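The values are calculated or read from the model by the stated rules, or taken from the named source; none is laboratory data. What you see is a predicted model; the values in this text were computed from it and never measured. Here the Cβ positions follow ideal geometry from the backbone for every residue, glycine too, while neighbour counts run over all protein chains shown. The area values use the complete protein model at the heavy-atom level, side chains included, leaving out ligands, DNA and RNA. Shrake-Rupley method; radii C 1.70, N 1.55, O 1.52, S 1.80 Å.
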Amino acid sequence: MRKYVIRRLLLIFPTALLLSLLIFGLLRVVPGDAALMLLTDEGSKADPEVLKALRHRLGLDRPLHVQYVTWLWDMVRGNFGESLVSRVSIGDQILQRLPLTLQIALMAQFMSLLIGVPIGIISAVRRNTWLDYALRVVSILFLTAPTFWVGLLIVLVGAIWFNYSPPIGYNLIWDKPIENILQLMWPAIILASHGLATTARMTRSTMLEVMGEDYIRTARAKGLRESIVVFRHALKNALIPVVTLTGLSFAGLLGGTVVLEFIFGIPGIGSWLVQSIQTHDYSVVQSLVVVLAVTFMLINLLVDLFYGWLDPRISYS
Amino acid sequence: MASPTVARTIAVEGSVFQRILRRLSQAARLARRQPLGAVGLLICLIALFAGALAPWVDRYDMNEGSAAERLQGFGISHWFGTDEQGRDVYSRIVNGTRISLYIAFFSIALGTSSGYLLGIVSGYLGGWVDMILQRIMDALLALPAILLALAIVAVLGAGVDKLIFAISITFCPRAARISYGVVLSLKENVYVDAARVIGASPMRIIFRHILPNSLAPYLILASVGLGGAILLEASLSFLGLGVPPPHPSWGRMLSGAAQQHALGAPWLVIVPGAAIMVLVLGFNFFGDTMRDLWDPKLRGR
């Protein structure tokens, strides 16, 4: 077990290396490098002399492998460089923006699990009754509504009927907790309603599958109460795919915040990545991708370890 | 007097008309038992027809507007109103169906299927194959779907085929991960041991024993995936990195001008979003029902 964890932790490095090489390579393959983008963005036609000077200043005239190794070595030492466009320190920005994005995702994850798993259990136990149908329809409605559309509708309905508009700007939770919650509330609620349906659906599916297993019949045959059969025998096994899904959906939630950060004007990590992609801000894109990738791989490892705890039939060796 | 046997023989050998009637009544019985599935199928069929026949069922040119008719509400001449350029929203929605379905089907056919198979092979074989495949999948999974798709689209540039490629890449590792989890559990089954003992090759075990038994999760994945692909395409288009003009994309219809005019012309926000929601809903209902019908473990209970 301990060996397995260490092996997986060590494997994060080659994976991150692979991804960093991929992103670095892809971004250099596209026509139009950062220097060209920066100069033509200001409306003027790029003067070759200025262009050359800028390329030199940004280090873009050095051989590719030197650029890559320099960048990688700086990152290993915790120096993420600065944005090509706004010249802000990337490391500082990540520290400022990541907490907001993570908080939205965590709030959403918590809400959707808390409501989604019970809905799935009820749906499975009362299969094909009106309650099952009602719960499924409601949760599927939330799943299928595009999050950015729900966000727009909330803004629209608030403006037309309630004279309300979601607060703009942001505060950190340890500075002004109430303002912070109010500002991040809508994206979190919208994301949760989206994930809730997925959780409920998966819980229902796997519960139904497990409820058909022999050991459930055995448990019932020996006269156990239905509640014990459902919670002690069925739920624990049914939760395995749900946990997989939760691990995956957490990354999805972080991605889902992109569009919502965009609508509600929250300066999180996702909206920054989109911005940087649009402005060809290579240094931000490549650093963000690697930082996010390492974070998600750690989450994946935790999910895998959690399988083993849930399903002793799976052994890691 | 005809005995029941004779009556049945007549029914079986009945005219084409009678056979169609019988099929219809069977379908009606199924629809009564599975109302959500029937609704889902209906939505999917309507969308398929609308998409296939878009040039014939739209009422105006989707890209031609007239300034005199801009920002009209629901009405007889423009069912879903007109946008800020006076273009007919209904015609744009119908043509948007075409492009949405096209992208979704190809993305899933490419992404989910290949990913699912890779996950099963890697989960069953284990060892170094498993290690290498999982590392590649981890590298792809290490970014949320929309960010991965965004990055690929940003690098490759705009275009429908590039969009399909970007979306399918995001579905591949997700499918692999689910099937990997399924196969870890499945391969502990006694019938897999039995097959191995009588000397079946790993490929035979995967295709004859593991794959059929992991069909239900695949169907759920593929059907939900279709909805998910539509949502992903819409999100990318909403951010301005998806379907390029002149194709009218539902996602792009929601960005920009629609938001500026939202207070005076709320249908510009409501209609495209509702279209996305209804179509994704159809795929979900349909997929859910397929699962109930096709999973032999659940049949008859």
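Looking only at the range B:246-259, filter to residues that are open to solvent by less than 20 Å² (accessible area, probe 1.4 Å) and more than 9 Å from chain A (Cβ to nearest Cβ); which one of those is farthest from B:Ile164 (Cα to Cα)?
B:Pro248
Answer yes or no as to whether B:Leu232 is more than 8 Å from chain A (Cβ to nearest Cβ), buried (at least 20 other Cβ atoms within 10 Å of the Cβ) and not acidic (Asp, Glu).
yes
Only helices (runs of 4 or more DSSP H) wholly contained in the range B:130-222 count here; list those with 2 or more residues that are within 30 Å of B:Arg98 (Cβ to Cβ) and open to solvent by less than 10 Å² (accessible area, probe 1.4 Å).
The helices (runs of 4 or more DSSP H) meeting that bar are B:145-156, B:160-186.
Is it the case that the range B:62-81 has a residue that's crowded, with 18+ Cβ neighbours inside 10 Å and modelled with pLDDT of 75 or more?
Within the range B:62-81 (the criterion being crowded, with 18+ Cβ neighbours inside 10 Å and modelled with pLDDT of 75 or more), the answer is no, since none of the residues qualifies.
With respect to A:Met202, is the statement that it is in the same structural domain as A:Ile189 (by TED's automatic domain parsing) and open to solvent by 20 Å² or more (accessible area, probe 1.4 Å) true?
Against the criterion (in the same structural domain as A:Ile189 (by TED's automatic domain parsing) and open to solvent by 20 Å² or more (accessible area, probe 1.4 Å)), A:Met202 qualifies.
So that you can scan it fast, the table gives a plain yes or no per residue for (1) modelled with pLDDT of 75 or more; (2) in contact with a Lys or Arg (Cβ under 6 Å, 6 or more places away or on another chain); (3) away from every other protein chain (no Cβ under 14 Å):
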| residue | (1), (2), (3) |
| --- | --- |
| A:Gly25 | yes, no, no |
| A:Asp33 | no, no, no |
| A:Leu39 | no, no, yes |
| A:Glu42 | no, no, yes |
| A:Lys52 | yes, no, yes |
| A:Leu72 | yes, no, yes |
| A:Asn79 | yes, no, yes |
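For the range A:140-148, indicate whether the set of residues that are surrounded by fewer than 19 Cβ atoms within 10 Å (Cβ to Cβ) and of a type in the set (S, T, N, Q) is non-empty.
Within the range A:140-148, none of the residues are surrounded by fewer than 19 Cβ atoms within 10 Å (Cβ to Cβ) and of a type in the set (S, T, N, Q).
Determine whether the range B:136-152 contains at least one residue that is more than 25 Å from A:Leu253 (Cβ to Cβ) and either in contact with a Ser or Thr (Cβ under 7 Å, 6 or more places away or on another chain) or not charged (D, E, K, R) (or both). Give the derivation first.
So the first thing to find is which residues in the range B:136-152 are more than 25 Å from A:Leu253 (Cβ to Cβ), and the list is none.
Taking every residue of the range B:136-152 in turn, none turns out to be more than 25 Å from A:Leu253 (Cβ to Cβ) and either in contact with a Ser or Thr (Cβ under 7 Å, 6 or more places away or on another chain) or not charged (D, E, K, R) (or both).
Looking at (1) within 10 Å of chain B (Cβ to nearest Cβ); (2) open to solvent by less than 10 Å² (accessible area, probe 1.4 Å), can you tell me which one A:Ala234 breaks?
(1)
So B:Leu263 ticks every box in (1) more than 10 Å from chain A (Cβ to nearest Cβ); (2) modelled with pLDDT under 80 but one. Which box is left unticked?
(1)
Look through B:Val280, B:Val243, B:Val269 and report the one residue that is more than 8 Å from chain A (Cβ to nearest Cβ) and surrounded by 20 or more Cβ atoms within 10 Å (Cβ to Cβ). Steps first, answer last, please.
Working: B:Val280 fails: more than 8 Å from chain A (Cβ to nearest Cβ); B:Val269 fails: more than 8 Å from chain A (Cβ to nearest Cβ).
Among B:Val280, B:Val243, B:Val269, only B:Val243 is more than 8 Å from chain A (Cβ to nearest Cβ) and surrounded by 20 or more Cβ atoms within 10 Å (Cβ to Cβ).
When the residues of the range A:203-222 are narrowed to those that are more than 13 Å from A:Ile119 (Cα to Cα) and of a type in the set (D, E, K, R), which ends up nearest to the other protein chains (Cβ to nearest Cβ)?
It comes out as A:Glu209.
For the structure I just gave you, tell me whether A:Ala192 is modelled with pLDDT of 85 or more and either in a helix (DSSP H, G or I) or away from chain B (no Cβ under 12 Å) (or both).
Judged against the criteria, A:Ala192 is a match.
Looking at A:Val229, A:Val242, A:Val274 in this structure, which one is touching a residue at least 60 places away in the same chain (Cβ under 8 Å) and part of a helix (DSSP H, G or I)?
Of A:Val229, A:Val242, A:Val274, the one residue that is touching a residue at least 60 places away in the same chain (Cβ under 8 Å) and part of a helix (DSSP H, G or I) is A:Val242.
Does the range B:113-125 contain any residue that is at pLDDT 85 or above, closer than 27 Å to B:Ile210 by Cβ, more than 13 Å from chain A (Cβ to nearest Cβ) and over 24 Å from the mean Cα position of the chain (by Cα)?
Within the range B:113-125, one or more residues are at pLDDT 85 or above, closer than 27 Å to B:Ile210 by Cβ, more than 13 Å from chain A (Cβ to nearest Cβ) and over 24 Å from the mean Cα position of the chain (by Cα).
Considering only the range A:257-272, state which residues are facing chain B (nearest Cβ under 8 Å) and open to solvent by less than 10 Å² (accessible area, probe 1.4 Å). If you could, list the steps in order and put the result at the bottom.
Start the filter on the range A:257-272 by keeping residues that are facing chain B (nearest Cβ under 8 Å), which leaves A:258-259, A:262, A:270.
Result: A:Val258, A:Val259, A:Gly270.
Quick check: is even one residue across the range A:266-280 modelled with pLDDT under 75, of a type outside the set (D, E, K, R), assigned by TED's automatic domain parsing to the domain that holds A:Leu100 and touching a Ser or Thr at 6+ places or on another chain (Cβ under 7 Å)?
No: zero hits.
Test A:Leu254 against the stated conditions and say whether it is closer than 21 Å to B:Gly227 by Cα, away from chain B (no Cβ under 13 Å), open to solvent by less than 30 Å² (accessible area, probe 1.4 Å) and of a type in the set (A, V, I, L, M, F, W, C).
Spelling it out, it is not the case that A:Leu254 is closer than 21 Å to B:Gly227 by Cα, away from chain B (no Cβ under 13 Å), open to solvent by less than 30 Å² (accessible area, probe 1.4 Å) and of a type in the set (A, V, I, L, M, F, W, C).
Which ones in the range A:273-294 are open to solvent by less than 20 Å² (accessible area, probe 1.4 Å), of a type in the set (A, V, I, L, M, F, W, C) and more than 7 Å from every other protein chain (Cβ to nearest Cβ)?
A:Val284, A:Val285, A:Leu288, A:Val290
Conditions tested, residue by residue: (1) under 16 Å from A:Ala197 (Cα atoms); (2) more than 26 Å from the chain's Cα centre (by Cα).
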| site | (1), (2) |
| --- | --- |
| A:Ile122 | yes, yes |
| A:Thr129 | no, yes |
| A:Ile140 | yes, no |
| A:Thr144 | yes, no |
| A:Val157 | no, yes |
